[in-house]
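Every read-out reported here was derived from the displayed coordinates using simple, explicitly stated rules and does not represent laboratory data. Here the structure is a predicted model, which is why all the values come from computation and not from measurement. Heads up, the Cβs are rebuilt from the backbone with ideal geometry, glycines too, and the neighbour counts pull from every protein chain shown.
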Amino acid sequence: MRALVLALIIPWLALTASPVAAHVTPAPEPQAELPDVPLPAELDRVLRDYERAWNAGDAAGLAALFADDGVILQSNQPPVRGRAAIEAAYAGQGPGGSLRLRVFAHAVSGTVGYVIGGYGFGGGRRDAGKFTLALQRAADGRWMIFSDMDNTNAAPQARQPMDAAQPVAPPAGGS
């Protein structure tokens with residue numbers, strides 16, 4: 001009987017004390033999307049103007065929403081600074097589509113502010129990604145975008161290390 005008890009207890013102790021058992025955690029439950037918060041009209045204008053310009057594929061209109069030395073920080077792209085460079089970056093993206101912006105949080109202090117929110121496309125309610133706008137008030141009192149950072153909600157793709165050898169195509173016409 002003693003041998004049977006030991007035969008049952010020892011594997012159980014080994015299993016419950018193992019690092020595998022100690023580090024197993026259940027998959028996180030999907031979080032509900034953050035609720036919308038209202039924006040003051042002067043900040044809301046920035047988002048609605050952005051949507052209109054994006055949806056029209058108006059790169060110049062988008063760039064005009066930025067401070068002279070504004071910056072865009074897009075996923076998988078190097079930073080872009082200055083209105084002319086921002087316009088060129090947006091022009092290279094083609095027609096925008098039906099962008100929808102919503103707000104999770106915002107604040108203003110003096111001549112600086114921020115808006116944090118989610119973006120989506122079409123009539124769906126689900127966010128495709130999220131963004132942060134750093135704002136600065138221009139001399140004329142109008143809010144301008146200093147920095148626009150966005151990224152997608154899509155699962156990350158496996159990345160190859162930057163220093164890894166890249167595949168080389170065979171020479172044309174040869175084997």
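Does region 36-89 come out rounded, prolate or oblate by the C-alpha gyration tensor, with a ≥ b ≥ c the root eigenvalues, rounded set by a/c under 1.5 and, if not, prolate when a/b is larger than b/c and oblate if not?
Prolate is the answer for region 36-89, as a/c is 1.5 or above and a/b outweighs b/c.
For Ile116, what is the net charge nearby, where nearby means another residue's Cβ is under 15 Å from its Cβ and Lys, Arg count +1, Asp, Glu -1? Intermediate values should be presented prior to the final figure.
Numbers: positive: Arg102, Lys130; negative: Glu33, Asp36, Asp44, Asp127, Asp148, Asp150.
Net charge in that neighbourhood comes out at -4.
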